[in-house]
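Accompanying notes for the structure given below.
The values are calculated or read from the model by the stated rules, or taken from the named source; none is laboratory data. Bear in mind that the values here come from a model prediction, so they are computed numbers and not experimental data. Note that each Cβ is placed from the backbone with ideal geometry, even for glycine, and that neighbours are counted across all protein chains shown. Side chains included, ligands, DNA and RNA excluded: accessible areas come from the protein's heavy atoms. Shrake-Rupley method; radii C 1.70, N 1.55, O 1.52, S 1.80 Å.
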Amino acid sequence: MNLLPRSGIDGLKIGLVGPRGLVGEEFLKLSKKKRWAKNLSLISTQPKAAQKMLCQGRLLPIAGYADVATRRERFDLLISLAEPDWSKQNLKKFFGLASWIIDESSAFRQSPDVPLIVPEINGDLLGANPPKLIASPNCTTVVLAMAVAPLTKFSPLVRILAASYQAASGAGRVATQGFQEELRALANGKIKKSGAFPHPLAGNLFPQIGAFGEDGFSDEETKVIKETRKIFNRLDLPISATCVRVPVFRGHSMAVWVELEKSIYNIDLNSFYKDFAGISLFQNSYPTPLSVTGKTGVAVGRLRPDPCLKNGVSLWASGDNLIKGAAENVLGIAELLLPALTKARA
């Protein structure tokens, strides 16, 4: 994302719900780099909050969401980084108070009238008159969609198969701290279950993220399948995913198998990825969770024809789940809204 001129943001009032979370921390860092920080009003997911937090060298107040709603405080843009339950119960309090709302949770992602946006893929859906409520996808979905999107410039998709390897931080701060406790116990030769996950994570992994549905797929797998279909506007696209929690602090990775309609015989697959916005291509290597931690975008490697699928492609992708998987994607949506925001202000 390019730096925006300060004049394009001046005068806008932007509310940020959930600044204290892991994603909130990354959003505040990015907003400073992108020159949005001075426009932010911080809002807690607690109804009343007489709190303050240090942000870019300034001690900023955090208002309770109920207090903000009660006094009918208005915003040009409201960005919610809260959990789905909070969004389902409380985001409606800001309908009419905020000209536009971006919700990072899963609360409205499958609503037919709410666009689910990855700026590099379907940002054009926002257009000149963007909908008032916009959703940002699941962090795992973002990695998958970004990894597959360059291929759609060459050929329509036939099917996608994917296995994810997801970091502890995807479950939040408490889960990450629990994982740290488990690691300390493991270093002393003990197995400890922190309570944040269904099994100990240190020295372990397990194919369960969320509850299992009647179809045998976990909540996370269902999100990845449905959200990927929506992003590519292919609600009938066959997709299967297995989502695995692995003993890593940050960075979600995915092994992906894609079948295309067009033949890939004598096609340079790398050429589709080299100039695709938001993609870092590893031509003779591959990314890892450590190599993408703290970095923007999604990294792709091990790109190769797959012998088990007709016109098949295999690849490996990694991305920081707190940055491109969440904070960066949200800020990218906000940047796409800037023309509408400034026009409404005029």
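So in the chain, what percent of DSSP beta bridges are antiparallel if you round to the nearest 5?
Beta bridges within the chain, antiparallel portion: roughly 50 percent.
Let me check against my output: what whole-number percent is the relative contact order of the chain, with C-alpha pairs under 8 Å and at least 6 apart?
Value for the chain: 19 percent.
Could you pull out the pairs from 29/193; 38/132; 13/52 whose alpha carbons sit more than 26 Å apart here?
Long pairs (Cα-Cα over 26 Å): 29/193.
Going by accessible area, probe 1.4 Å, with all protein chains left in place, what is the ranking of 272, 27, largest first?
272, 27
What dipole magnitude, in Debye to the nearest 20, does the chain give about its Cα centre under +1 on Lys/Arg Cβ and -1 on Asp/Glu Cβ?
Charge dipole, the chain, about its Cα centre: 1100 debye, nearest 20.
What are the ³J(HN,Hα) values, in whole Hz, obtained from phi via the Karplus relation 6.51 cos²θ - 1.76 cosθ + 1.60 with θ = phi - 60°, for each residue of the range 333-339 in sequence order, with x given for Gly and Pro?
5, 4, 5, 5, 7, 4, x
What is the extension gain from residue 35 to residue 343, computed as 0.36 nm multiplied by their sequence separation minus the C-alpha to C-alpha distance, in nm to one decimal?
Answer, rounded to one decimal: 109.0 nm.
Going 7 Å from the Cα of residue 111 along its beta-carbon direction, which residues of the range 54-85 have the amide nitrogen within less than 13 Å of the resulting point?
The answer is 80, whose backbone nitrogens lie closer than 13 Å to the label point.
I'd like the accessible area for residue 271, computed on protein heavy atoms only with a 1.4 Å probe and all protein chains in place. Round to 10 Å², please.
Counting only protein heavy atoms, residue 271 exposes about 60 Å² to solvent.
Which length gain, in nm to one decimal place, applies between residue 204 and residue 190 when the Cα-Cα distance is subtracted from 0.36 nm times their residue separation?
Full-extension gain reported as 3.8 nm.
How big is the gap, in Å, between the Cα center of the range 222-252 and the Cα center of the range 161-190?
Result: 20 Å between the Cα centres.
Once each part is reduced to its C-alpha centroid, what is the distance from the range 320-342 to the range 77-126 in angstrom?
12 Å
What is the dipole size for the range 245-346, taken about its Cα centre, with +1 at each Lys and Arg Cβ and -1 at each Asp and Glu Cβ, in debye to the nearest 20?
200 debye
Using a 1.4 angstrom probe with every protein chain in place, what is the largest-first accessible-area order of 249, 179?
Accessible-area ranking of 249, 179, largest first: 249, 179.
May I ask you to compute the full-extension gain from residue 267 to residue 58, defined as 0.36 nm times their residue separation minus their alpha-carbon distance, rounded to one decimal in nm?
Full extension from residue 267 to residue 58 adds 69.9 nm.
Based on DSSP H runs of at least 4 residues, each adding -39500 (n - 2.57), what is the mean residue ellipticity at 222 nm of the chain after dividing by all its residues, to the nearest 500 deg cm²/dmol?
-8000 deg cm²/dmol
Let me check something: with ligands and nucleic acids excluded, how do 279, 191 order by accessible area (1.4 Å probe), largest to smallest?
I get 191, 279, largest accessible area first.
Accessible area per residue for the chain in Å², computed with a 1.4 Å probe and the full protein assembly in place, what is it?
Here the per-residue accessible area is 46 Å².
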